[in-house]
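See below for the structure under consideration.
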Amino acid sequence: MGAVSVCKQLLYEDSFPVNGGNFDEAGRVSGKIKTILRGMGINHDVVRMAAVITYESEINIVSYARRGMIRLHVLPEHVAIEAVDEGPGIPDIRLAIQQGWSTATDKIREMGFGAGMGLNNIRNFSDIFHISSDVGSGTRLKMIIHIQQGQNP
């Protein structure tokens with residue numbers, strides 16, 4: 001007997017490339033996603049949470065990876081954001097998600113980044129957060145923000 005799949009109504013989806021090392025464009029993707037969600041009439045608090053998650057993910061890709069992709073999926077019940085990068089990977093995820101832990105270079109810190117709040121902020125602004133990483137290959141983040149119909153979360 002085959003698997004039964006339930007098809008949920010996808011309202012919007014798109015993918016956005018992020019170039020590693022390009023700090024001049026850092027924040028571009030999070031700005032686009034914020035504009036898209038606002039245009040869809042998504043709750044202000046959900047838009048704010050998605051903007052923080054996307055910005056922090058984008059900064060991590062720019063700071064540490066060669067390149068990456070941020071994907072946005074909007075369904076009636078939630079906003080899903082996935083950030084996938086081709087970078088060095090994270091050897092110790094438990095350590096990396098601790099507030100204040102960072103492997104940022106002096107150059108990154110001089111630009112105002114690398115305070116060790118990125119993964120912690122992403123986790124705190126997500127209703128569901130999943131991270132996986134392969135050292136030498138890259139990191140994958142999956143975040144879900146629930147949309148509560150008719151209420152501010």
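Read the figures in this text as sums done on the coordinates, not as results from a lab. As the structure is a computational prediction, the values presented were derived from the model and not from experiment. Cβ sites come from the backbone with ideal geometry, for glycine too, and all protein chains shown count toward neighbours.
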| remark: The answer for chymotrypsin sites (Phe, Trp or Tyr not before Pro) in segment 1-84 that fall in a DSSP coil and have at most 12 neighbouring Cβ atoms within 10 Å is none
| So how much slack lies between Tyr12 and Glu77, counting 0.36 nm per residue of separation and subtracting their Cα-Cα distance, in nm? | 22.2 nm
| Simple spin-label model, 7 Å along Cα-to-Cβ: Asp45 to Gln99 in nm? | 2.0
| said: With θ taken as phi - 60° and the coefficients 6.51, -1.76 and 1.60, list the Karplus ³J(HN,Hα) couplings across segment 71-86 in order, rounded to whole Hz; mark glycine and proline as x. | reply: 10, 10, 10, 10, 10, x, 9, 7, 10, 10, 10, 10, 10, 10, 10, 10
| request: Could you list which residues have their amide H under 5 Å from that of Ile147, counting only those 5 or more apart in sequence or on another chain, with H placed in the peptide plane? | output: His78, Val79
| query | Label-point separation (nm) for Val135 and Arg38, each offset 7 Å from Cα along Cα-to-Cβ? | reply | 4.3
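FRET efficiency for Asp24 and His146, Cβ-Cβ distance as r, R0 = 30 Å, nearest 0.05?
0.30
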